[in-house]
Amino acid sequence: MHLKLQKGEIVREHYSPKHVFVFVKHGNVEITVNQEPQIVNAENILHMEPRDRHSLKALSDVSILVMKC
């Protein structure tokens, strides 16, 4: 899935029943996983276990690739 967010845009807390990998193509996003915030950008990849509760906040305009498996 390809997700584009504008600076300040928020995706409310949710979860996936699958493993989730987040790749940021450009920009910066704060992803809170199980109440622990992390900054993710093009220099790193985020992996979440099934059922990890997470939310997103765009720190800049951001383009994200989300893979579930």
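Values quoted throughout were computed directly from the atomic coordinates according to the rules given, and no laboratory measurement underlies them. Predicted model, so just to flag it, every value in this text is computed and none were measured. Virtual Cβ from ideal backbone geometry, glycine too; neighbours counted across all protein chains shown.
Evaluated with a Cβ-only charge set (Lys, Arg +1; Asp, Glu -1), the chain carries a dipole of roughly 240 debye about its Cα centre, given to the nearest 20. For the range 5-69, the list of GluC sites (Glu not before Pro) that fall in a loop by DSSP and count at most 16 other C-beta atoms within 10 angstrom reads Glu9, Glu43. The residues packed around Ile64, meaning those with a beta-carbon under 15 Å from its beta-carbon, carry a net charge of +1 if Lys and Arg are +1 and Asp and Glu are -1.
Of all DSSP beta bridges in the chain, what percent run antiparallel (nearest 5)? If I count the DSSP bridges inside the chain, around 100 percent turn out antiparallel. FRET efficiency for the Leu65 to Asn34 pair, using the beta carbon distance and R₀ = 22 Å, is estimated at 0.50.
Of the listed values [x] 1.07; [y] 0.98; [z] 2.26, grab the one calculated as Cα Rg over 2.2 N^0.38 Å from the structure here. Only one listed value fits the structure, namely [y].
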